Amino acid sequence: MSHPRRLGAALLAALAAVASLVIVAAPSGAAGPPLPVAANGNTVEVVATGVPTPTAFAFSGSTVFAGSGPNEQSGGPGGLFTVADGKATKVPGSPPVVFGLAWKGQTLYVSTGPSIVAMGGWDGTKFASTKTVYASKEKGFPGFNGLAFGPEGRLYAGLALGEKYDHSKDPFEPSQALVSMTAAGKGLKVVTEGLRQPFQLVFPQGSKYPWVTVLSQDKGKGKVPNDEVIQAKPGQNYGFPTCTWPAASAKVCKGFNEPAILLPPHSSPMGIGAIGNTFYVSLFGGAQGKGPEVVTMSKKGQPFPFLTGFAAPTIALGVNNGSVYVGDLTGTIYKVAAK
């Protein structure tokens, strides 16, 4: 089972391939996968099934949106879904691939990889309009991962890994970074540099700066690097590719910023949400070597199991009204109360 850290534009296709293997391996006629178990003892609910490669969530009132990548098993596209009452419903006119989602005002912002689009006029079934907010026409642009709005109203986005530059500096600018822009897609600027694969991000309540999951290399020249969760502040540089954490030597990483949280190699932090000062992070590989899980952690970073027993790796994670939503590669969306 491959990990997602090596891939950039092909990330979702590879993850979906893993999903297809999981589904194919299930016995014919079997019921759905076993429910994960919550450490707090709360009941885990199935919100919906049938979301290929779930990547991100957004919430508007009682509506839960789930983004997904392509369905490698059927060859069909992923896209944007609403999830409720045990089923997923495709939103008409949605992009074929979704990496990130962010709701602001009456508009859903969607990262399609190479572009960000704004979908407005939601009537409970469909959007009235879709317009491109940002799309680079330059060859070499790595594309966008997760999205989130900051308290000042700017839209933040992680830049995907350019596959050729897993161990080297990507010459395209901007790349290997977190960027921000206005809601209209203007004034794009680099916020934080030296990030290999910033995937999803969240602004905890009261925070001026986003917290970002970062996938490190699968293999290094020496010790395999740790995965990271960073607090992305303007002007920071975390050193990739010159420095990977933990540093092989203090000299290599001198002058670069150290991640706020280091996670075990291959744990693969994907989705991230926050309730108060507690983070909820979906780990594609898991921190304990026992498979995929959702963990809780403080800003100091010690992970504690929150949801375990998944039948497949976890990716999408979101928090809404005190509940944690998570999607795994069986295409199932789960929900559990955090407390």
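The values are calculated or read from the model by the stated rules, or taken from the named source; none is laboratory data. Keep in mind that what you see is a predicted model, and the values were worked out from it rather than measured. Reconstructed Cβ throughout: ideal geometry from the backbone, glycine too, with neighbour counts over all protein chains shown.
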Evaluate the range 254-267: report whether one residue or more is within 27 Å of Pro151 (Cβ to Cβ) and buried (at least 24 other Cβ atoms within 10 Å of the Cβ).
-> yes
Applying the selection to the range 271-290, what residues are buried (at least 17 other Cβ atoms within 10 Å of the Cβ), out of contact with any Asp or Glu (no Cβ under 6 Å at 6 or more places or on another chain) and not aliphatic (A, V, I, L, M)?
-> Gly271, Gly273, Thr278, Phe279, Tyr280, Ser282, Phe284, Gly285
Considering the range 180-226, residues that are among the aliphatic types (A, V, I, L, M) and surrounded by fewer than 21 Cβ atoms within 10 Å (Cβ to Cβ), and then whichever is farthest from Ala148 (Cα to Cα), we arrive at Val224
Within the bounds of the range 321-335, is there any residue that is surrounded by fewer than 24 Cβ atoms within 10 Å (Cβ to Cβ), over 14 Å from the mean Cα position of the chain (by Cα), among the basic types (Lys, Arg) and assigned to a loop (DSSP other than H, G, I, E, B)?
-> no
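Yes or no, residue by residue, for (1) outside any strand (DSSP E or B); (2) within 21 Å of the chain's Cα centre (by Cα); (3) farther than 25 Å from Leu178 by Cβ:
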{"position": "Leu80", "(1), (2), (3)": "no, yes, no"}
{"position": "Ala88", "(1), (2), (3)": "no, yes, yes"}
{"position": "Gly93", "(1), (2), (3)": "yes, no, yes"}
{"position": "Val110", "(1), (2), (3)": "no, yes, no"}
{"position": "Gly113", "(1), (2), (3)": "yes, yes, no"}
{"position": "Met119", "(1), (2), (3)": "no, yes, no"}
{"position": "Glu138", "(1), (2), (3)": "yes, no, no"}
{"position": "Glu152", "(1), (2), (3)": "yes, no, no"}
Across (1) more than 21 Å from Ala39 (Cβ to Cβ); (2) assigned to a loop (DSSP other than H, G, I, E, B); (3) in contact (Cβ under 8 Å) with a residue 60 or more places away in the chain, Pro234 clears everything bar (3)
Count of the range 58-79 residues which are surrounded by 24 or more Cβ atoms within 10 Å (Cβ to Cβ) and modelled with pLDDT of 95 or more | 4
Of the residues that sit in the range 291-313 and are assigned to a strand (DSSP E or B) and among the aromatic types (Phe, Trp, Tyr), which one is surrounded by the most Cβ atoms within 10 Å (Cβ to Cβ)?
-> Phe306
